[in-house]
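The values are calculated or read from the model by the stated rules, or taken from the named source; none is laboratory data. Bear in mind that the values here come from a model prediction, so they are computed numbers and not experimental data. Note that each Cβ is placed from the backbone with ideal geometry, even for glycine, and that neighbours are counted across all protein chains shown. When the accessible area is computed, the model is the full protein with side chains, heavy atoms only, and any ligands, DNA or RNA have been set aside. Shrake-Rupley method; radii C 1.70, N 1.55, O 1.52, S 1.80 Å.
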There are 2 protein chains.
Amino acid sequence: MRSSQYLLSTLKETPSDAEIVSHQLMLRAGMIRKVAAGLYTWTPTGLRVLKKVERVVREEMERINALEILMPMVQPADLWQESGRWDDYGPELLRIKDRNERDFLLGPTHEEIISELVRKEVSSYKQLPLTLFQIQTKFRDEIRPRFGVMRAREFMMKDAYSFHLTDESLQQAYDEMYDAYCRIFQRLGLDFRPVIADTGTIGGHASHEFHVLAGSGEDAIAFSDGSDYAANVEMAEALAPSGERAAPSQDKQVNDVTGHEVSAFLQPLAVDAQQAVQCTLVKASDDVESEAVMLVWRADHELNTIKAEKLPQVATPLQVLDSEKLMGCHAAFIGPVNASMPVIVDRSAAALADFACGANKQGQWLTGVNWDRDASISAVEDIRNVVTGDPSPCGKGTLQIARGIEVGHIFQLGKKYSNAMKVGVLSETGKHETLTMGCYGIGVSRVVAAAIEQFHDDRGINWPTELAPFEVAIVPMNMHKSARVQKVANDLYQQLRDAGFDVLFDDRKERPGVMFTDMELIGVPHQIVIGERNLDEEMVEYQSRSDRDKQKMPITDVLGFLNQTLRNA
Amino acid sequence: MRSSQYLLSTLKETPSDAEIVSHQLMLRAGMIRKVAAGLYTWTPTGLRVLKKVERVVREEMERINALEILMPMVQPADLWQESGRWDDYGPELLRIKDRNERDFLLGPTHEEIISELVRKEVSSYKQLPLTLFQIQTKFRDEIRPRFGVMRAREFMMKDAYSFHLTDESLQQAYDEMYDAYCRIFQRLGLDFRPVIADTGTIGGHASHEFHVLAGSGEDAIAFSDGSDYAANVEMAEALAPSGERAAPSQDKQVNDVTGHEVSAFLQPLAVDAQQAVQCTLVKASDDVESEAVMLVWRADHELNTIKAEKLPQVATPLQVLDSEKLMGCHAAFIGPVNASMPVIVDRSAAALADFACGANKQGQWLTGVNWDRDASISAVEDIRNVVTGDPSPCGKGTLQIARGIEVGHIFQLGKKYSNAMKVGVLSETGKHETLTMGCYGIGVSRVVAAAIEQFHDDRGINWPTELAPFEVAIVPMNMHKSARVQKVANDLYQQLRDAGFDVLFDDRKERPGVMFTDMELIGVPHQIVIGERNLDEEMVEYQSRSDRDKQKMPITDVLGFLNQTLRNA
């Protein structure tokens, strides 16, 4: 590609409305342009990268025998009414009416359409297992679209769906998909983690998210420094402290405190947060006789509401009750001593001796409290978020916390949709069997932004080669004044193109500084600089975008060097 | 691809709701499935074909340096308000509201979005000319979606847009696009015609439609049997008959006729339709003093309202006036004799002598009428549709009429959008210049259906090789009973795949008849049949889908034969 015939659209200034680096750089590098909130045009440079992601994703889907299809973006309401999601889905689902006032929607996902297809086209166990995928535009009417394509309303997604007679077959497809996702993100050169994810209210069997690690990520991920273990912080198990609980050594004492924040009480009491507990009252499930249960955790930890909600004693969804009404004091003063409801204690909190807690009386905290002697435990559970330094639940290493950007999600859906929509086949024994289902997504456009979050510096984007819009840039210096530079540049361009490289030949009448700045901003990994002085020795200069390595080399060596560097050939 | 791992989804019966062959065969061959009216899922076989069209289109766009981008499908109303199309576009434009009650639409085309991009990103003449394209899902809320993907609501389109400083530059891009379109349809193996098209009310400079010829086509195309000339019937010029008009030989006579149909009058009068004229009164333009003008054409021809509307004497849009009110008789009795308004006569009608026409009196027709002697001509114009046998307006050959399916359209838009949306640049002399624009579309999904209309027989689809979902089918006979057949089939499959062929290996446990029927229905152009008997001689049988040519060949010759047949190698 000659840049004179290309639409570079680079910007010198950082647009003021772009909050995160990938959004800023995608605008500055001329990859996207905003059309409206959450709606973007992918300009040539951006689309080149997007297509590269798409190609790798497609190849790896085909490798595991997933069949590509294309479902409509506009979907009829009736199928969503059948699955129940027409009512359940929030306003992110853009409901529309056609010219005949019939209900449709813009697809944020395609479980209903694929279920409809499979229940009609698949009738025998012989056609199973079956995995179908598409790479397609999706729409989600985000309340606050932001961060460019990271959280856009219209976006590109690869969604795959698999259908099975048995859980074993689903597990096998799930494992293959897991491996395919790992290969995809590896090939794209990304630092990523597959993390154990919450299966949420759908109640599926297993789920992993794939996160690209980046400081700007919205999700916190716990991963072991001694193994492959990684999980969403919400999901990672906090193990019980090892060893026995210490014996009581202090007497229980009542203290007056001021304010309404636990953190404010502790310093005057000379108590470390690790020696104090916090409590909250939540609605009990129907299995429990009391209206409330008390949750107790160490004051230096955070309550994990997802874990708490899964406890059989706790009502779903989790509902915090008014302590004033129930106990006659502000929540900051609640404590387990003489509690009138079941007390569920986090593993770490249960290991404390001589700890501090609320006195169930406004303005008073207790110190020197000890379990059993002063307060009863109904159950010990894992109800807190893990923190850096916790032992890994896999048994190897300790946990680190990193931030991640979710770019993929695989999920064993089970029979949620196939029950609702009656997706089944005749089994080998002639019995009608409802299918079990998996779904697997990759945010194709999001991957582009996530890669930039991971690979950038103050000069712009530093793409892994597999993702770069161009592999090689030819940068001729003052070509318009030198016939010799022009000839060498043109010849080299022809030679590299013929060899199959993705080359950007910067033939604009621009100063060298402008060209270098642009090539570095859009992140061309390899640059060949052609200047008069080096041509006296039949040499050109090679520059690497990633390590700024510069070396002179004979013109005749360039092709071989690039073949070796880029193709290992 | 092994058919046991594939979703063939072929149907034996022709679905009753499919009216045209391509729709029937796309359903029967398992290429598409209906989701709702005008909304389809492209199943694996269909998508394979669609992708092949897409690939050829993309390659030819890139060959002429068009740059690929991707614009959003959901578009904000404000840009369409700026261009005026928000109000002008009919209910085919699906207008929607987002969660904040802001107006959006589903894009049927992208002139506004591209104009917005170019006015922001292109500021200098140095960046021109520029051609951008995308291959993307479009939505048009057809009042009566039908014929499968031929007239769907959601469809795949390649749309390109070019921007220029001068008309010459636009013409050059237009010509390059014209050639690219010819190459695309040639490569796809289609019998097509580029036809001169109406530029409609936009008033652009030039326009061609690309039609695939097929009896089921919605459009009538006139083309010369002696040259490349082709035009929409509405557009083709009807030349004046050669030679002088004959001198009057009959006296004008008044005749009583019954009924209200011109065709009913002529037989009793013993007048041939070629010797009679029909007339209508239409509203005159402001340039004409009279309220109406009379249009006159030969009774065996059809009035061409598009041609008539373009006459300076005729008001736009064409408006037929009430003859009872103006002349006191039914329209069938109007005639040019003693007409009180300007009389515009078609070239063929103007060449008549001794003709018949209405007498401007209820129940009366005249015979033996002659121009000049009995009636005045205000102007002679081309206002009829051409018919088979007319001389070609190009001067070579005579016209034939065929039916075509429009699959492409190129159009010199001029400044319609760039004026409305202020798309301009600074010229070389520093002056602000409004750009001129071209737009160029191909109905990618429609091409698939059109190809089937052209290439099918009673056994199914007979694809040109470039479009076929698979190039080669391996059909093993009773493989599950013969280890020898199985081994040869497997080995051949591996060999052909390694050689880069798109192979469908029919490894289902089905009777040979079922396999043949399916392979012929989906239209695999080349089949290799492997059976026990031929294996005794180390032979297999080759079958061509198109000419049913069958030949035995040694197993070892298959690869070479296919390389020669398919790759000319």
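When the stretch A:257-280 is filtered for residues that are open to solvent by 40 Å² or more (accessible area, probe 1.4 Å) and either assigned to a loop (DSSP other than H, G, I, E, B) or not assigned by TED's automatic domain parsing to the domain that holds A:A359 (or both), the ones remaining, listed by number, are A:T258, A:G259, A:H260, A:E261, A:A270, A:D272. Screening A:V149 against (1) farther than 28 Å from A:L39 by Cα; (2) in contact with a helix residue (DSSP H, G or I) (Cβ under 9 Å, 6 or more places away or on another chain); (3) in a helix (DSSP H, G or I); (4) not charged (D, E, K, R) leaves a single unmet condition, (1).
Of all residues in the stretch B:108-122, those that are within 9 Å of chain A (Cβ to nearest Cβ), closer than 15 Å to B:T436 by Cβ and surrounded by fewer than 22 Cβ atoms within 10 Å (Cβ to Cβ) total 1.
Do we have any residue at all in the stretch B:387-394 that's of a type in the set (D, E) and assigned to a loop (DSSP other than H, G, I, E, B)? Yes, the stretch B:387-394 contains a residue that is of a type in the set (D, E) and assigned to a loop (DSSP other than H, G, I, E, B). The condition (being touching a strand residue (DSSP E or B) at 6+ places or on another chain (Cβ under 8 Å), crowded, with 17+ Cβ neighbours inside 10 Å, touching a residue at least 24 places away in the same chain (Cβ under 8 Å) and within 21 Å of B:A230 (Cβ to Cβ)) is satisfied by just one residue among B:E406, B:E381, B:E302: B:E406. Inside the stretch B:442-465, can you point out the residues that are open to solvent by less than 10 Å² (accessible area, probe 1.4 Å) and within 26 Å of B:L413 (Cβ to Cβ)? Those that are open to solvent by less than 10 Å² (accessible area, probe 1.4 Å) and within 26 Å of B:L413 (Cβ to Cβ): B:I442, B:V444, B:S445, B:V447, B:A450. Determine whether B:D228 is closer than 29 Å to B:V56 by Cβ and open to solvent by 60 Å² or more (accessible area, probe 1.4 Å). Criteria met by B:D228.
I need a count of the residues in the stretch A:89-98 that are more than 10 Å from chain B (Cβ to nearest Cβ) and in contact (Cβ under 8 Å) with a residue 40 or more places away in the chain.
Total satisfying the criteria: 0.
Of all the criteria given as (1) touching a residue at least 60 places away in the same chain (Cβ under 8 Å); (2) at the interface with chain B (Cβ under 8 Å from one of its Cβ atoms), the one not satisfied by A:V56 is (2).
Looking at B:L67, B:L47 in this structure, which one is among the hydrophobic types (A, V, I, L, M, F, W, C), free of Cβ contacts under 8 Å to residues at least 60 places away in the same chain and either touching a Leu at 6+ places or on another chain (Cβ under 9 Å) or at positive phi (or both)?
Values: B:L67 fails: free of Cβ contacts under 8 Å to residues at least 60 places away in the same chain.
Only one candidate passes the filter, namely B:L47.
Only one entry in B:I32, B:I64, B:I20 is at the interface with chain A (Cβ under 10 Å from one of its Cβ atoms), under 25 Å from the mean Cα position of the chain (by Cα) and β-branched (V, I, T), namely B:I32. Screening the stretch A:67-83 for residues that are within 23 Å of A:V448 (Cα to Cα) and open to solvent by 10 Å² or more (accessible area, probe 1.4 Å) and picking the one that is farthest from the other protein chains (Cβ to nearest Cβ) gives A:E68. Every test in (1) touching a residue at least 60 places away in the same chain (Cβ under 8 Å); (2) farther than 26 Å from A:L269 by Cβ is passed by A:A353 save one, and that test is (2).
Just one of the numbered conditions (1) under 21 Å from A:V387 (Cα atoms); (2) buried (at least 20 other Cβ atoms within 10 Å of the Cβ) is not true of A:S207: (1).
Entry remark, the stretch A:335-352: residues being under 31 Å from the mean Cα position of the chain (by Cα) and part of a loop (DSSP other than H, G, I, E, B) number 0 in total.
Annotation: B:I202 fulfils all but one of (1) modelled with pLDDT under 90; (2) in contact with a Leu (Cβ under 9 Å, 6 or more places away or on another chain); (3) crowded, with 16+ Cβ neighbours inside 10 Å; the unmet one is (3).
Against the condition open to solvent by less than 30 Å² (accessible area, probe 1.4 Å), more than 10 Å from chain B (Cβ to nearest Cβ), among the aromatic types (F, W, Y) and farther than 30 Å from A:L188 by Cα, how does A:W86 come out, does it pass?
On the way: open to solvent by less than 30 Å² (accessible area, probe 1.4 Å): no; more than 10 Å from chain B (Cβ to nearest Cβ): yes; among the aromatic types (F, W, Y): yes; farther than 30 Å from A:L188 by Cα: yes.
No; evaluated as a whole, the condition is false for this residue.
Given the structure, is A:E101 open to solvent by 30 Å² or more (accessible area, probe 1.4 Å), within 9 Å of chain B (Cβ to nearest Cβ) and without any contact (Cβ under 8 Å) to a residue 60 or more places away in the chain?
Working: open to solvent by 30 Å² or more (accessible area, probe 1.4 Å): yes; within 9 Å of chain B (Cβ to nearest Cβ): no; without any contact (Cβ under 8 Å) to a residue 60 or more places away in the chain: yes.
So A:E101 fails the test.
Within the bounds of the stretch A:281-298, is there any residue that is loosely packed, with under 13 Cβ neighbours inside 10 Å, among the β-branched types (V, I, T) and assigned to a loop (DSSP other than H, G, I, E, B)? Scanning the stretch A:281-298, I find no residue that is loosely packed, with under 13 Cβ neighbours inside 10 Å, among the β-branched types (V, I, T) and assigned to a loop (DSSP other than H, G, I, E, B), so the answer is no. Looking only at residues of the stretch B:123-141 that are facing chain A (nearest Cβ under 10 Å) and at pLDDT below 95, we find that the one that is most open to solvent (accessible area, probe 1.4 Å) is B:K126.
Tell me the strands (runs of 3 or more DSSP E) entirely within the stretch A:22-113 that contain at least 1 residues that are farther than 26 Å from B:E142 by Cα and touching a strand residue (DSSP E or B) at 6+ places or on another chain (Cβ under 8 Å). I'd like the intermediate steps shown before the answer.
Numbers: elements: A:32-36, A:39-42, A:74-76, A:94-97, A:103-106.
Because the criterion is at least 1 residues that are farther than 26 Å from B:E142 by Cα and touching a strand residue (DSSP E or B) at 6+ places or on another chain (Cβ under 8 Å), the strands (runs of 3 or more DSSP E) in the stretch A:22-113 that meet it are A:32-36, A:39-42.
Does A:A160 qualify as being farther than 23 Å from A:Q454 by Cβ, assigned to a helix (DSSP H, G or I), modelled with pLDDT of 95 or more and within 14 Å of chain B (Cβ to nearest Cβ)? No. Scanning the stretch B:333-351 for residues that are closer than 17 Å to B:T280 by Cβ and hydrophobic (A, V, I, L, M, F, W, C) yields B:F333, B:I334, B:V337, B:A339, B:M341, B:V343, B:I344, B:V345, B:A349, B:A350.
Touching a residue at least 12 places away in the same chain (Cβ under 8 Å), open to solvent by 40 Å² or more (accessible area, probe 1.4 Å) and closer than 30 Å to A:I113 by Cα, is that true of A:K416? First the steps, then the outcome.
Details: touching a residue at least 12 places away in the same chain (Cβ under 8 Å): yes; open to solvent by 40 Å² or more (accessible area, probe 1.4 Å): yes; closer than 30 Å to A:I113 by Cα: yes.
Considered against the rule, which asks whether it is touching a residue at least 12 places away in the same chain (Cβ under 8 Å), open to solvent by 40 Å² or more (accessible area, probe 1.4 Å) and closer than 30 Å to A:I113 by Cα, A:K416 comes out as yes.
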